[in-house]
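Since the structure comes first, as structure tokens, the remarks are kept for the end.
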Amino acid sequence: KMNSLFIFGVFLAVSAAPTLGDNNIKVCRQEDESLRIDCNIPPKPNQVSSYSFSMTKAGKETPITNNFTGGTTDLKFKDKIRVVPLENSGFRLTMTSFQLTENTTFICKVQSVIATAQVEKGKLVTCSAINAFLHSCPWLLYALLALQVIRSWGLPSL
């Protein structure tokens, strides 16, 4: 049983590793089919909060919008996007009528901090409270799985 427990622990560590990456950006599809990008980079205190959003497809970066002095919004997105500040934690970009037709990397930048998220075609998740929770706390799923395995082995639970 100890050998199995060790193997399970290694599996858990390896499978959890990808979830320990950049949690500063979340990309999902809302119920109304809009694309939502949450850029969770808190603005620096006592500074003007500058942001930019862009995306890369097939190696070509396309700016979406920014609020830099003299910044612009790409004309094809002009009437389809909305950016709102998230309370003390960054910005949310919503894009209506956007279809993900190929693998795309979304990029957000607040002041000089950059976050990226790669989304594979056909694998865009739906925005929901449980989805957001699992993306922000993926270790919880592994902890519940570990408790179930320990219980099934007849080992004393915590």
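The values are calculated or read from the model by the stated rules, or taken from the named source; none is laboratory data. Keep in mind the model is a prediction, meaning the values are calculated, not measured. Virtual Cβ from ideal backbone geometry, glycine too; neighbours counted across all protein chains shown. Keep in mind that these areas ignore ligands, DNA and RNA; they rest on the heavy atoms of the full protein, side chains included. Shrake-Rupley method; radii C 1.70, N 1.55, O 1.52, S 1.80 Å.
Per-structure values
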quantity: Members of segment 65-82 that are at pLDDT 85 or above and more than 14 Å from I37 (Cβ to Cβ); calculated: N67, D79
quantity: Scope segment 31-68; condition aliphatic (A, V, I, L, M) and surrounded by 14 or more Cβ atoms within 10 Å (Cβ to Cβ); matching residues; calculated: L35, I37, I41, M55, I64
quantity: Enumeration of residues in segment 69-105 that are of a type outside the set (S, T, Y), open to solvent by 80 Å² or more (accessible area, probe 1.4 Å) and not in a strand (DSSP E or B); calculated: L75, K76, K78, D79, K80, E87, N88, Q99, N103
